[in-house]
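Coordinate-derived values only; no laboratory data. These numbers were taken from a predicted model, which means no experiment stands behind them. Positions of Cβ are backbone-derived with ideal geometry, glycine not excepted, and every protein chain shown enters the neighbour counts.
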Amino acid sequence: NSISQKFPYLVKKKLKEGEEVRRVAQLDWRIIESDLQKPFTASGLQFVPLPVIHGEDYICLGFLFGRKSKVAYISDVSRFPPSTEDAISKSGGGQLDLLILDCLYRTGSHNVHLCWDQTLDAIKRICPKKALLIGLTHEMDHHKDNQTLEEWSRR
C-alpha cells in the first residue's frame with residue numbers, strides 16, 4: 001500500500017475511460033516469507049529464503065538457488081540463525097558450490113555486517129567449494145587481500 005501511494009505507476013491498476021497505458025515498469029509484488037520451508041519461483045528459478053540477522057533486531061534475507069550448482073547469496077548479515085547455517089553448510093544441507101557473502105571492513109567490526117574475521121570464520125563453518133566476498137569498503141586492497149585469501153584458502 002505504501003509503494004502504491006508513493007509510486008502509483010509501478011502498481012497495476014484498472015484504467016479509467018480514456019486513460020492511456022503508461023509505458024513504465026509494472027512490478028509483480030509478492031511477499032517473500034522468511035521461512036526456509038517456503039521457497040518461491042522467479043523467472044523460472046526457485047529461490048529458498050535464508051533468514052539471517054542484520055544487527056540485533058532485524059531479520060534480513062539471503063537466497064539459496066540453483067539446481068546443478070547450489071549458490072547462496074547473503075549480502076546483509078551480522079550472524080546466522082542455526083537453521084540457516086545448517087541449511088547451507090557442508091555438514092547440514094550439503095556443500096554449496098558458491099557462497100557470496102558480506103564482508104564490510106578489513107579490520108574491526110560493524111554492528112550489522114560481517115567483517116573480515118567474521119566472514120572467514122563463517123566460510124570455515126559453512127565450507128563452500130568457492131566463496132566471493134561482497135560489500136567491501138574502500139579500505140580493502142584488492143591484490144594484497146586476494147593474495148592473503150589464496151594463502152588462507154590453501155591452509
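Entry note, the chain: the mean residue ellipticity at 222 nm calculated from DSSP H runs of n ≥ 4, each adding -39500 (n - 2.57), is -6500 deg cm²/dmol after division by the residues and rounding to the nearest 500.
Using only the C-alpha atoms, the convex hull of the chain corresponds to 167 Å³ per residue.
Amide H contacts of Leu50 (H built 1.01 Å from N, in plane; Pro and chain starts excluded): Gly62, Phe63, Leu64 sit under 5 Å, all sequence-distant by 5 or more or on other chains.
The residue list Leu15, Leu27, Thr84 was ranked by how far each Cα lies along the charge dipole of the chain toward its positive end, using unit charges on Cβ atoms, and Leu15 comes out on top. By the beta-carbon count within 10 Å of each Cβ, the least crowded to most crowded order of Thr84, Thr41, Thr119, Thr148, fewest first, is Thr41, Thr148, Thr119, Thr84. The dipole here belongs to the range 66-155: it is taken about the Cα centre, uses +1 on the Cβ of Lys and Arg and -1 on the Cβ of Asp and Glu, and is about 480 debye. Between Thr41 and Asn111, the FRET efficiency estimated from the beta carbon spacing at R0 = 25 angstrom works out to 0.15. Ranking Ala42, Ile3, Gly108 by Cα position along the charge dipole of the chain, where only Lys, Arg, Asp and Glu carry charges on their C-beta atoms, puts Ala42 farthest toward the positive end. Sequentially through the range 97-112, phi angles give Karplus couplings (6.51, -1.76, 1.60; θ = phi - 60°) of 7, 8, 10, 9, 9, 3, 7, 6, 10, 6, 10, x, 9, 9, 6, 10 Hz, Gly and Pro residues having no value and appearing as x. Efficiency by 1/(1 + (r/R0)^6): what FRET value for Asp121 and Asp57, r their Cβ-Cβ distance, R0 = 25 Å, to the nearest 0.05? Computed FRET efficiency for Asp121 and Asp57: 0.65.
Dividing the mean sequence gap of close Cα pairs (under 8 Å, 6+ apart) by how many residues the chain holds gives a relative contact order of 14 percent. Taken over the chain, lysine pairs spaced eight or more positions apart, or on distinct chains, with alpha carbons under 29 Å apart number 26. The dipole here belongs to the chain: it is taken about the Cα centre, uses +1 on the Cβ of Lys and Arg and -1 on the Cβ of Asp and Glu, and is about 660 debye. Using the Karplus relation 6.51 cos²θ - 1.76 cosθ + 1.60 with θ = phi - 60°, the per-residue 3J(HN,Hα) values for the range 53-65 come to 8, 10, x, 9, 10, 9, 8, 10, 10, x, 9, 10, 8 Hz, with x marking Gly and Pro.
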